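**Student:** Okay, handing you the structure first.
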Amino acid sequence: MGFPHPTHPKENPVLSRHFGEAEARSYDGWVKRGGYRALEKALGLTRDQVIEEVKASGLRGRGGAGFPAGVKWSFMPKQKTKPHYLCCNADESEPGTFKDREIMRWTPHALIEGCAIAAYAIQAEQVYVYIRGEFTEPIQVMQAALDEAYAQGVLGPNAMGKGVRIDITIHRGAGAYICGEETALMNSIEGKRGNPRIRPPFPAAVGVFGCPTTINNVETLSSVPHIIERGGTWYKGLSLSNPKSTGTKLFSICGAIAKPGNYEVTMGFPLKELLYDLAGGMRPGRKLKAVIPGGSSVPILTAAEAEETLLDYEGCVAKGTMLGSGGMIVLDDTTDMVYQVMRLARFYAHESCAQCTQCREGTAWTVKILQRLLNGEGRREDLSLLLDLAEQMTGRTICVLSDSCAAPVVSAIKKFRPEFEAYLRNGKPAARA
Amino acid sequence: MSGQTHGRTDAPAHGGAGAPVAEYEPVFVGEGRRRLDAILARYPTKAGALLPALWMIQEKHGWISPTGMAEAAEVLGLTAAYVKGVVTFYTMYHQHPVGRHFVQVCTTTPCNVCGAEKVGEAFLKATGAKRYGETSPDGNWTIVEVECLGACGFATPVMINDEFIESVTPESVPALVARYA
Ligand SMILES: Cc1cc2nc3c(=O)[nH]c(=O)nc-3n(C[C@H](O)[C@H](O)[C@H](O)COP(=O)(O)O)c2cc1C
Ligand code: SF4
Ligand code: FES
């Protein structure tokens, strides 16, 4: 097990406070650390009060899109005419992102508590935690914690003795990045192929099993107990830059960096400090070349841009990219940009569900063209062809996987064009380490 | 669906075709049936239990054969063709027997820039498997490259069967392989 590193003074450990403490995984250990007090408190409030508190906190979805969590919950019907469901998205498959895994393996009860509070707020009796199939250890840890929570009466027909039913079920995925997309995730729970659905209808109206459904990310839900316990106003106050981005966030940092790992900082924290202070800077003798800041699906930042970026939703947009899942992929001066962009495109081509022509053909052709460039067989028009293709792939498909493939390709060609041109000029594979 | 690069339809045809076909032992009888019933209680439809049921089949048999698909279809009131459609979507369900040890090496960009391809090559070398997806001559090992395993900070993560191993290097591969041999 890789975690933990000692907390850096610049970190603000809320979610990660108990990472690395094996005892925190058990029910007793969790209660000793103040666990399940927030659930108890929430069950004593009205559902609307819980939703208002989360709205007041400004908490935004940590799965990628950054949609305000409390607002999402308020879309659920007030009059319940059918079962309501909560789905927790633990599919974590976005390259560069590995924070939810850490939350589940170290603080499983934090997630269970967050799920239970959210389920209560939206009147859901059944919660599905969709965990990617490869996460065998997090699944075991979560299942053990769930068994304990049931044994202690936290969950079940009379949760916490408060007369509400809350069941939580782990649904194990089976290898498909696309099942992290919320409507594909719901299909997968229904026992179908994981193809995204056309919206509308939106999940709050017609979700899993045709019933009103809310989908939230692991990190989003794990933040909820802190908000209930310490108040929305406290959480909203955690913000270093833009008041629209509140709270703390776990940033996964990986690739060509000295100390990869998860670091939790307050929203608005400078990326430069994350890179050089917390994550130990570049490897010896290497220089920063680029950062892909939101998992792999967002535009690439040059070194200069990265060093000016503030880590919150607005800060990333200001630099022409997105915060996404908060997974930082660091590339240094030894990186062959063309090869790594091809490798990313290959990921998307592999993971496309193939429903939409633009995505199915676009991702495959992007890989083919980049490969011929790498083989020294590129054609003069290939770069404009790639850009045209990317345009056709953006904003036209059922889900945004297609756009996600286009974003790093377009930004790499724009910002690192000479590397692509070198492959065209030399007509032979450049040396790769 | 067209194209070769679409992972959702082209789960690698793992080797090991020579494995003897033992008589199929049903999964959903006795204890297996009780486990399935407990799962069914968690879903409003029978089809909801399909992914968990497929996992149970793979746990017992190591892969999901046409007979296995038929069994899942039968107990859940689905058609075998429907079940096959689902099985082929998900890369972790094996549609063919695989080597006794199934190794998945992440080579996506974050791991790639940390030398993941060398880790994959070290596995091929240490096990004698000729190439990715092809089972080693002794029938024991199948190595595949996979996309992001969600542990990019621990490059290079590798899965050997159900065990998730972090921070594998080319140097640590021979000892790992020896441990499983
Ligand atoms: C292709 C694709 C993959 C996604 N993968 C994930 C994922 O692995 N985990 C996740 O939480 N959200 C993922 N999302 C975002 C979800 O669709 C959804 O917005 C999110 O789970 C909502 O939760 P939140 O509001 O708490 O962030 C993905 C989206 C797309 C388009
Ligand atoms: S954009 Fe791609 S992944 Fe998304 S629905 Fe269309 S084909 Fe499937
Ligand atoms: S890229 Fe290898 S685990 Fe994510």
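**Student:** Scan region A:274-303 and report the pairs whose first residue is within 13 Å of chain B (Cβ to nearest Cβ) and under 16 Å from A:GLU11 (Cα atoms) and whose second residue is among the acidic types (Asp, Glu) and crowded, with 16+ Cβ neighbours inside 10 Å, with Cβ atoms within less than 9 Å and a gap of 6+ or a chain change.
**Tutor:** A:LEU278/A:GLU11
**Student:** Next up: Of everything in region A:79-104 that's away from ligand 3 (no atom under 13 Å from the Cβ) and of a type in the set (S, T, N, Q), which residue is nearest to the chain's Cα centre (by Cα)?
**Tutor:** Step by step, filter region A:79-104, then rank; the result is A:ASN89.
**Student:** What are the residues in region A:302-360 that are of a type in the set (Ser, Thr, Tyr) and either assigned to a helix (DSSP H, G or I) or within 16 Å of ligand 3 (Cβ to nearest atom) (or both), if any?
**Tutor:** Within region A:302-360, A:TYR313, A:SER325, A:THR335, A:TYR339, A:TYR348, A:THR357 meet the criteria.
Results for (1) part of a strand (DSSP E or B); (2) more than 12 Å from chain B (Cβ to nearest Cβ); (3) of a type in the set (Lys, Arg), shown as yes or no for each residue.
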{"position": "A:ARG105", "(1), (2), (3)": "no, no, yes"}
{"position": "A:GLU137", "(1), (2), (3)": "no, no, no"}
{"position": "A:PRO157", "(1), (2), (3)": "yes, yes, no"}
{"position": "A:HIS171", "(1), (2), (3)": "yes, no, no"}
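**Student:** Of all residues in region B:64-121, which are under 22 Å from B:GLU163 (Cα atoms) and within 16 Å of ligand 1 (Cβ to nearest atom)?
**Tutor:** Once the filter is applied, which keeps residues that are under 22 Å from B:GLU163 (Cα atoms) and within 16 Å of ligand 1 (Cβ to nearest atom), region B:64-121 yields B:TYR90, B:THR91, B:MET92, B:CYS106, B:THR108, B:PRO110.
**Student:** Which residues, counting only those in region A:67-92, are more than 7 Å from ligand 1 (Cβ to nearest atom) and assigned to a loop (DSSP other than H, G, I, E, B)?
**Tutor:** A:PHE75, A:MET76, A:PRO77, A:LYS78, A:GLN79, A:LYS80, A:THR81, A:LYS82, A:PRO83
**Student:** OK, next. Based on what the data block shows, is B:THR135 crowded, with 22+ Cβ neighbours inside 10 Å, of a type in the set (Ser, Thr, Tyr), touching a strand residue (DSSP E or B) at 6+ places or on another chain (Cβ under 9 Å) and facing chain A (nearest Cβ under 9 Å)?
**Tutor:** No.
**Student:** Okay, next question. In region B:130-170, how many residues are closer than 16 Å to B:GLU117 by Cβ and touching a residue at least 24 places away in the same chain (Cβ under 8 Å)?
**Tutor:** The number of residues fulfilling the criteria is 17.
**Student:** Taking region A:343-364 only, how many residues are over 23 Å from the mean Cα position of the chain (by Cα), at the interface with chain B (Cβ under 9 Å from one of its Cβ atoms) and hydrophobic (A, V, I, L, M, F, W, C)?
**Tutor:** 1
**Student:** Something else: Kindly list the number of the only condition in (1) within 13 Å of chain A (Cβ to nearest Cβ); (2) without any contact (Cβ under 8 Å) to a residue 60 or more places away in the chain; (3) away from ligand 3 (no atom under 16 Å from the Cβ); (4) not in a helix (DSSP H, G or I) that fails for B:VAL83.
**Tutor:** The one condition B:VAL83 does not meet is (4).
**Student:** Then there's this: Say we look at region A:173-188 and pick out the residues that are surrounded by fewer than 24 Cβ atoms within 10 Å (Cβ to Cβ) and either part of a loop (DSSP other than H, G, I, E, B) or within 9 Å of chain B (Cβ to nearest Cβ) (or both); which of these is modelled with the lowest pLDDT?
**Tutor:** Ranking the candidates gives A:GLY175 first.
**Student:** Can you tell me which residue is farthest from B:VAL146 (Cα to Cα) among those in region B:86-120 that are within 8 Å of chain A (Cβ to nearest Cβ) and of a type in the set (A, V, I, L, M)?
**Tutor:** That would be B:VAL86.
**Student:** Taking the condition touching a residue at least 60 places away in the same chain (Cβ under 8 Å), farther than 24 Å from A:ALA279 by Cα and surrounded by fewer than 18 Cβ atoms within 10 Å (Cβ to Cβ), does A:THR233 pass?
**Tutor:** When the stated conditions are applied, A:THR233 passes them.
The values are calculated or read from the model by the stated rules, or taken from the named source; none is laboratory data. Only a predicted model underlies this, so the values are computations on that prediction, with no experimental measurement involved. Reconstructed Cβ throughout: ideal geometry from the backbone, glycine too, with neighbour counts over all protein chains shown.
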